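Read-outs: derived from the displayed coordinates by stated rules, not from any lab. What you are looking at is a predicted structure, and each value in this text was computed from that prediction instead of being measured. Because the Cβ atoms are built from the backbone with ideal geometry, glycine has one as well, and the counts that use them run over all protein chains shown.
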Amino acid sequence: MSRFQFSVGPWNVHSGADSYGPATRDEIPFEEKVKKFAELGFSAVQFHDDDAVPNINNLSEEEIKAEARKVKALLDRYGLKAEFVAPRLWMDPHTIDGGYMSSCEKDREFAMWRSYRSIDIANELGCDKIVLWLAREGTLCAETKSPVESTRRLIEAIDKMLDYDKKIKILIEPKPNEPIDRSICGTIGHVMGVSAATKDPSRVGGLLESAHAILAGLDPSHEIGFAMAMGKLWGVHLNDQNGIKFDQDKTFGVENLRQAFNQIKVLVENGYGKNGEYVGLDVKAMRTTKTEDSYKHLENSLRIAKALEEKAERFDYSFQKKCVESRDFEALEMYVMDLLMGLK
Ligand code: XLS
Ligand code: MG
């Protein structure tokens with residue numbers, strides 16, 4: 001039995017299309033995914049605004065809420081909660097040059113409209129978290145935007161969301177690049193800075209994704225620890241990543257098991273989940289995966305996360321203390337490797 005409650009998004013089961021080629025698997029209907037998530041042992045589902053309400057741009061505010069209520073009923077049927085809603089501000093013609101930081105006022109207004117609608121949807125789904133993955137917030141051509149003004153625009157946009165709903169919490173999911181070249185808010189440290197500059201820092205925190213930290217050249221467990229020290233780690237997207245290249249969203253732990261272990265260890269040590277936080281798995285299947293194996297990467301990620309939780313519970317803190325006192329870091333490192341190799 002895991003101490004954690006796990007969550008997943010509908011985009012984590014996808015048909016395998018990438019920038020260089022078409023789909024390789026069948027599209028699976030939303031309800032079928034939800035049913036399978038429940039069977040696999042997930043507790044909550046994560047949503048983009050248009051995952052919950054497709055065609056959102058063409059609906060009225062009341063129609064959007066009504067659609068969201070249908071999704072809530074579906075979640076209830078399978079005993080699942082909604083964890084968060086994230087405005088998808090990277091697909092639309094209005095967000096070609098970003099959302100909150102766009103140089104075009106009309107497009108910034110569109111980004112706010114989608115953010116307010118995301119809050120409405122969250123309320124209907126019974127969750128109080130909005131995630132901002134700032135996909136296109138930054139520059140493709142460095143001289144197009146002032147980094148100072150752009151940072152201020154992000155803070156203003158968050159302040160408006162905090163005003164719109166007095167209970168909503170905003171979680172920024174930082175990523176240093178891709179699809180944007182230079183991100184304005186690229187790491188969890190940036191997120192903490194932005195949080196402090198908003199009108200209610202107690203409602204602005206972070207969601208750390210392993211792959212995004214690795215893309216920034218940082219260790220995800222230390223990013224997690226930094227946010228936890230501030231009391232502001234309200235979500236995680238565990239996955240894996242082979243070095244600094246395109247975002248891979250690999251099965252958790254398959255590239256760097258020790259790094260994965262340390263992420264679970266820091267979560268376990270600091271009571272992550274005690275305030276209802278979920279462990280999200282933002283993983284994608286390989287393009288070669290067949291339709292019948294569409295959920296295998298999720299099952300594997302769950303299995304690895306739980307196995308590492310068990311390793312974290314068995315971690316010998318008195319041996320660690322002895323090694324640290326005697327400065328025998330070689331022995332401590334070998335102990336960790338033995339533990340992970342099943343030799344301890
Ligand atoms: C993409 C992000 C995305 C967010 C949700 O890199 O990880 O999937 O988690 O908007
Ligand atoms: Mg993510």
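When only residues in region 298-344 that are of a type in the set (Val, Ile, Thr) and surrounded by 15 or more Cβ atoms within 10 Å (Cβ to Cβ) count, which is farthest from the chain's Cα centre (by Cα)?
Top of the filtered list is Val336.
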> If you take the residues in region 111-147 that are farther than 27 Å from Tyr278 by Cα and of a type in the set (Gly, Ala, Ser), which one is surrounded by the fewest Cβ atoms within 10 Å (Cβ to Cβ)?
Replying inline: Ala142
> Of everything in region 126-156 that's more than 16 Å from ligand 1 (Cβ to nearest atom) and touching a Ser or Thr at 6+ places or on another chain (Cβ under 7 Å), which residue is farthest from Val85 (Cα to Cα)?
Replying inline: Thr144
> When you go through Glu299, Glu330 one by one, which is the residue that is without any contact (Cβ under 8 Å) to a residue 40 or more places away in the chain, out of contact with any Lys or Arg (no Cβ under 6 Å at 6 or more places or on another chain) and not β-branched (Val, Ile, Thr)?
Replying inline: Glu330
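Which ones in region 1-41 are closer than 26 Å to Ile64 by Cα and in contact with a strand residue (DSSP E or B) (Cβ under 8 Å, 6 or more places away or on another chain)?
Ser7, Val8, Gly9, Pro10, Trp11, Asn12, Val34, Phe37
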> Quick check: is even one residue across region 217-237 crowded, with 24+ Cβ neighbours inside 10 Å, within 15 Å of ligand 1 (Cβ to nearest atom) and over 18 Å from Gln46 (Cα atoms)?
Replying inline: yes
> Name the residues in region 128-147 that are in contact with a strand residue (DSSP E or B) (Cβ under 9 Å, 6 or more places away or on another chain), more than 16 Å from Thr95 (Cα to Cα) and not in a strand (DSSP E or B), would you?
Replying inline: Asp128, Ala142, Pro147
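Which members of region 157-169 meet the condition of being surrounded by 15 or more Cβ atoms within 10 Å (Cβ to Cβ) and of a type in the set (D, E, K, R)? Break it down stepwise before answering.
Of all residues in region 157-169, those surrounded by 15 or more Cβ atoms within 10 Å (Cβ to Cβ) come to 157-159, 161-162, 165, 168-169.
Residues satisfying the conditions are Asp159, Asp165, Lys169.
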> Taking strands (runs of 3 or more DSSP E) that do not extend beyond region 1-94, which have at least 2 residues that are β-branched (Val, Ile, Thr)?
Replying inline: none
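Could you list, in sequence order, the residues of region 244-264 that are assigned to a loop (DSSP other than H, G, I, E, B) and away from ligand 1 (no atom under 15 Å from the Cβ)?
Just the residues of region 244-264 that are assigned to a loop (DSSP other than H, G, I, E, B), to begin with: 244-249, 251-256.
Answer for region 244-264, where residues must be assigned to a loop (DSSP other than H, G, I, E, B) and away from ligand 1 (no atom under 15 Å from the Cβ): Gly253, Val254, Glu255, Asn256.
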